[in-house]
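Working notes, structure below.
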Amino acid sequence: MAALPSAPVPPPALFSATVRNLVIPACTLTADDLRKLYGLLEKKAREAADYQVAALQRLEGQTNEQFEEVKQKIRSSFDLVVQVRGSRGEGTGSRTGEALLEGSLPDSIMSVQYDSAFMFRSQFNLLEPQNSVRVYLDFGRTEILDMLAQPAANNSSGLISGTNSTWVNGTHEELEKFFEERSTARGWLYSRHSYDVAVLLVGIPASFALIYRVDHWLRPVIQVSNALFVALYVYLVVIELYGFRVLFNYAKWVFPKCEGPTRRQGGPRFHKSIFGLIGGTFLSVVVETILRMLGFRFP
């Protein structure tokens, strides 16, 4: 049998390409959601394959059988590839949804990537198909002792590109709807100025409350100069603001921007309960102390 002619793959029409970036909001995704997302993207990948095949032209001397084999090769190159990485560095991947089955998922997921063009690039020397979609989900958590002023980056994102604007826009709309239905209200924690606002509204008032209580307790029992008291209070304010930063980071650790499924015992629910207890106690003490400073009396 004669050698199969190489597949004529029309290059993307760059001058008319449409590119849409998907902004993934704060959300919570279950293992079932990851599989549903695979089904949604697999459908869009099949549509992209249909558009690619429709643009093929038979080469001179190519038989019907050979042309059909080329079409099949193109279609198979649009198999949606999913790659899953666990918190311990373990990883799985597949050209089907098998990597997202319960028995295949790691106990704690760090990231999931869906790519409709992975196989196409592998088979055609890194050439991009006419239409493709890629979604990357980052389930990483903020380091509790991270003292950076800027919020930690979350790399969850999506990229839809192609020469068929109807396909690109339709895929973007479906993905937006998918994530909006699973969005949460925790996004404010990850805004650029969230810590600045929190420290002004809660952190600094908490330092006043701390100084008030320490002064009320120390003054009667320790007789030292006012200068030493001032130095002590400045030190306590620094310690309190450091502790507030740790508590703020703990909130972000407990409520990650994108929260994925986990099978770890006592995981998210336990820490959410602990944070609720700590946060509630902290706020109640601050509010009570400030009210006492303003002259209110409690039994």
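A 1.4 Å probe, protein heavy atoms only, puts the accessible area of S87 near 50 Å². Here's how it looks for I24: its modeled amide H is under 5 Å from those of G158, which are all 5 or more places away or on a different chain. Coupling constants for region 37-48 follow from the phi torsions by the Karplus curve (6.51 cos²θ - 1.76 cosθ + 1.60, θ = phi - 60°), and in residue order they are 5, 4, x, 4, 6, 5, 4, 5, 5, 5, 5, 4 Hz; glycine and proline get x. Using 0.36 nm per residue and subtracting the Cα-Cα separation, the extra length available between N155 and D50 on full extension is 34.7 nm. Taking amide H positions as modeled 1.01 Å from N, with prolines and chain starts lacking one, the residues under 5 Å from G91 and 5 or more places away or on another chain are G86.
With the simple model of a label 7 Å out from the Cα in the direction of the Cβ, R88 to E174 spans 3.6 nm. Working from Cα pairs under 8 Å separated by at least six residues, relative contact order for region 142-259 is 50 percent. In sequence order, region 78-92 has phi-based couplings of 9, 4, 5, 9, 10, 10, 10, 10, x, 5, 9, x, 6, x, 9 Hz under the Karplus curve 6.51 cos²θ - 1.76 cosθ + 1.60, θ = phi - 60°, and Gly or Pro positions carry x. Close amide H pairs (under 5 Å, H built 1.01 Å from N) link S111 with R85, F139, residues at least 5 positions away or on another chain.
Of (1) 100, 46, 34; (2) 103, 43, 30; (3) 85, 44, 31, which is the value of Cα extents along the principal axes in Å derived from the coordinates here? Working out Cα extents along the principal axes in Å from the coordinates points to (2).
The relative contact order of the chain, computed from alpha carbon pairs under 8 Å that lie at least 6 residues apart in sequence, is 24 percent.
Fully extending the segment from V234 to T262 would add 5.8 nm, taking 0.36 nm per residue of separation and subtracting the current Cα-Cα distance. Residue separation of F275 and L127 scaled by 0.36 nm, minus their Cα-Cα distance, works out to 48.4 nm of gained length. Would you please give the FRET efficiency between L59 and E181, computed as 1/(1 + (r/R0)^6) with r the Cβ-Cβ distance and R0 = 30 Å, to the nearest 0.05? Taking R0 as 30 Å, the efficiency between L59 and E181 is 0.05. Measuring between alpha carbons in the structure, the pairs from K43/K272; K44/K257; K73/K257 lying more than 28 angstrom apart are K43/K272; K73/K257.
The values are calculated or read from the model by the stated rules, or taken from the named source; none is laboratory data. These figures come from a predicted structure and were not determined experimentally. Note: ideal-geometry Cβ built from the backbone for every residue, glycine included; neighbour counts use all protein chains shown. Note: accessible area is taken over every heavy atom of the protein model, side chains too, but ligands, DNA and RNA are not part of it. Shrake-Rupley method; radii C 1.70, N 1.55, O 1.52, S 1.80 Å.
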